[in-house]
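J.: Handing you this structure, nothing more for now.
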Amino acid sequence: MADTILVTGGAGYIGSHTTLALLEAGYEVVVLDNLHNGSSTSLDRVARLAGKPATFIKGDIRDRALLDELFASHSISAVLHFAGLKAVGESVREPLRYYENNVSGTVTLCQAMAHAGVFRLVFSSSATVYGEPSQMPISETFPTGVPTNPYGRSKLMVEELLKDLAASEPRWNIALLRYFNPVGAHASGLLGENPNGTPNNLLPYMSQVAVGKLEKLSVYGADYPTVDGTGVRDYIHVVDLADGHLKALQAMATRDGVNVWNLGTGIGYSVLQMIQAFELASGRPLPYQLVARRPGDIAECWSDASLAAKELGWKAQRGLAEMMADTWRWQSANPLGYAD
Ligand code: NAD
Ligand code: WQD
């Protein structure tokens, strides 16, 4: 019988693409999502693309009784844990919400997992846990640093608590996946990123400028010590990222304890290079202005992706042109996102 995977946050951006990849690979999937920032429409579309649905449970990872019931009624072999809040600016204004959701929520989830005898967990971490490294590219051997905001600190705290947990009980089998900058959308144009309100991240902001929802892009800082003065990041296509989760899940079957893998492409692009690539893919000019640096931003951040290549047999396949074309297809076909 196929393994059943619990995907927390499976109605969100990365979770929905990963749910699709799991279904396509033959897994059974149970999604738990409170729909705070996700949409049940995304799961309807996942079912359409996969030809079969995931089981959807609307609920919260902080609800222990619900989790106990979920684990009792489904034979879960592993948990992919995407659920959490992710808006950096909001985390500065409302830190307790972030610690409660991201840290306490993970504690409750792990308690329920242990109670149910489920010890395999894949956690959505972030390159933000490296802080501001003095050298590029960033490899997993680098020490974690000081994230510049409560969101980032919540990710680092969860990493630490999961390491403590694994040290206390050898049955825990945990992957910490440190994503670089997820972008793009499913090639069908049916799944993509659906930000609430004005986007904070570069790609959703650029797409909303291109469709005329926003007037122009502000480029945060043109005086960084980078190729053209603007910030450099390692953008990774969300479908490649989803695939990385499947590869991690497979690799964990033969590994113990805690494993850390960067999920990035190993290539950095500047904001101006991103604008140029987006203009090319969309065929539209992208009005922008150069403004001051955004507090908390670092100059550059890209991954050494060799460990995942070696240990997971995973390498990002999709280049910048594809990331932009897929983002644009999603944005133009769904100007209001999932609109629910
Ligand atoms: P997202 O907001 O689209 O998805 C998160 C999902 O979790 C949403 O559907 C939301 O409704 C749900 N959720 C939030 N709190 C919940 C709770 N308490 N109980 C149940 N469901 C809850 O975000 P995403 O971009 O898909 O990110 C997924 C994960 O990856 C997050 O943990 C995020 O921190 C992490 N991550 C994201 C990025 C990025 O740039 N997108 C980068 C690094 C790490
Ligand atoms: C990318 C580049 C900006 C918006 C954040 C989180 C991180 C991770 C991913 C999430 C930077 C520039 C952006 C704009 C701009 N986590 N930019 N104008 O800051 O690398 O990472 O998202 O869960 O933890 O911090 O991503 O997309 O916001 O910015 O010039 O309107 O684009 O300065 O150089 P970032 P981003």
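The values are calculated or read from the model by the stated rules, or taken from the named source; none is laboratory data. This structure is a prediction, so every number in the text was calculated from the model and none was measured. Positions of Cβ are generated from backbone atoms using ideal geometry, with glycine treated the same way; all protein chains shown enter the neighbour counts. Note: accessible area is taken over every heavy atom of the protein model, side chains too, but ligands, DNA and RNA are not part of it. Shrake-Rupley method; radii C 1.70, N 1.55, O 1.52, S 1.80 Å.
J.: Can you pull out every residue in the stretch 319-340 that is within 16 Å of ligand 1 (Cβ to nearest atom) and surrounded by 15 or more Cβ atoms within 10 Å (Cβ to Cβ)?
T.: Residues satisfying the conditions are Met323, Asp326, Thr327, Trp330, Gln331, Asn334, Gly337, Tyr338.
J.: Asn259 fails exactly one of the following numbered conditions: (1) within 16 Å of ligand 1 (Cβ to nearest atom); (2) among the polar types (S, T, N, Q); (3) under 26 Å from Gly131 (Cβ atoms). What is the number of that condition?
T.: In the conditions (1) within 16 Å of ligand 1 (Cβ to nearest atom); (2) among the polar types (S, T, N, Q); (3) under 26 Å from Gly131 (Cβ atoms), Asn259 misses (1) alone.
J.: Taking Ser306 and the conditions (1) closer than 22 Å to Gly145 by Cβ; (2) in contact with a Phe, Trp or Tyr (Cβ under 6 Å, 6 or more places away or on another chain); (3) among the polar types (S, T, N, Q), which numbered condition does it fall short on, given that it satisfies the others?
T.: Only one criterion is unmet by Ser306, namely (2).
J.: Follow-up question, since we're still on this one. Would you call Gly84 closer than 25 Å to Leu203 by Cα, modelled with pLDDT under 95, within 16 Å of ligand 2 (Cβ to nearest atom) and open to solvent by 20 Å² or more (accessible area, probe 1.4 Å)?
T.: Taking the combined requirement at face value, the residue does not satisfy it.
J.: Looking only at the stretch 70-91, filter to residues that are within 15 Å of ligand 1 (Cβ to nearest atom) and not hydrophobic (A, V, I, L, M, F, W, C); which one of those is nearest to Pro150 (Cα to Cα)?
T.: Only one residue fits best here, namely Ser91.
J.: Within the set of pairs 6 or more residues apart or between chains, which connect a residue that is among the acidic types (Asp, Glu) and open to solvent by less than 80 Å² (accessible area, probe 1.4 Å) inside the stretch 141-168 to a residue that is away from ligand 2 (no atom under 11 Å from the Cβ) and modelled with pLDDT of 95 or more with Cβ atoms less than 6 Å apart?
T.: Glu159/Leu176
J.: How many of the residues making up the stretch 22-46 are away from ligand 1 (no atom under 13 Å from the Cβ) and either part of a loop (DSSP other than H, G, I, E, B) or open to solvent by 20 Å² or more (accessible area, probe 1.4 Å) (or both)?
T.: Residues of the stretch 22-46 that are away from ligand 1 (no atom under 13 Å from the Cβ), as a first pass: 22-29, 44-45.
So of that shortlist, the ones also either part of a loop (DSSP other than H, G, I, E, B) or open to solvent by 20 Å² or more (accessible area, probe 1.4 Å) (or both) come out as 24-28, 44-45.
The total comes to 7.
J.: Here are Leu49, Leu66: which of them is in a helix (DSSP H, G or I), within 14 Å of ligand 1 (Cβ to nearest atom) and over 20 Å from the mean Cα position of the chain (by Cα)?
T.: Details: Leu49 fails: within 14 Å of ligand 1 (Cβ to nearest atom).
Exactly one residue qualifies, and that residue is Leu66.
J.: Looking only at the stretch 265-272, decide whether some residue is surrounded by 15 or more Cβ atoms within 10 Å (Cβ to Cβ) and of a type in the set (S, T, N, Q).
T.: Within the stretch 265-272, the first condition is being surrounded by 15 or more Cβ atoms within 10 Å (Cβ to Cβ), and the residues that meet it are 265-272.
Cutting the leftovers down to of a type in the set (S, T, N, Q) gives us 265, 270.
Yes, the stretch 265-272 has at least one match.
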